[in-house]
Amino acid sequence: MSETSTTTLKLNTDTKQRLKRLAEARERTPHWLMKRAIEEYVDREEKREQFRLDTIAASEEFDRTGLHLTGEEVDAWFEKIINGEDAELPECHT
């Protein structure tokens, strides 16, 4: 189990009441809902940030090498995969 620490979170009255109603409906505590919401948000945003960094790296790689696949080449490859064929990704080209 990982170490935990306490954090104070200020919510406006309306949000706090909404959270309380939802927690009751879900048979959970407001604390559980807030913790879960924050964890899910952080997970999603970390993935989004990694996707952004991967996109930048791919763009820089393309700028350096010019290697690419056309949309048609990728579509044809996907079609083979969808049809259950054991298709290799086509070779990139300039």
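What follows draws every value from the coordinates through simple rules; no lab data is involved. Treat the numbers as computed from the prediction; the structure is a model and nothing was measured. No Cβ is skipped: glycine too gets one built from the backbone with ideal geometry, and neighbour counts run over all protein chains shown.
Checking every one of the trypsin sites (Lys or Arg not before Pro) in the range 12-55 against DSSP loop status and a limit of 16 other Cβ atoms within 10 Å picks out Arg28. Here the mean projected area of the convex hull built on the C-alpha positions of the range 13-65 is 4.8 nm². As a proxy for reagent exposure, Ser2, Ser59 were ordered by neighbouring Cβ count within 10 angstrom, fewest first; the result is Ser2, Ser59. Backbone amide hydrogens, once placed in the peptide plane, bring Thr29 within less than 5 Å of nothing, excluding anything fewer than 5 places away on its chain. Among Glu24, Glu49, Glu61, which one shows the biggest mean-square fluctuation in a GNM of the chain, springs joining Cα atoms closer than 10 Å? Most flexible of the set in this elastic network: Glu24. The coefficient of translational diffusion for the chain, derived via Stokes-Einstein from the alpha carbon Kirkwood radius under 20 °C and 1.002 mPa s, stands at 117 µm²/s.
Each of Thr6, Thr13, Thr29 has some number of other Cβ atoms within 10 Å of its Cβ, and from fewest to most they run Thr6, Thr13, Thr29.
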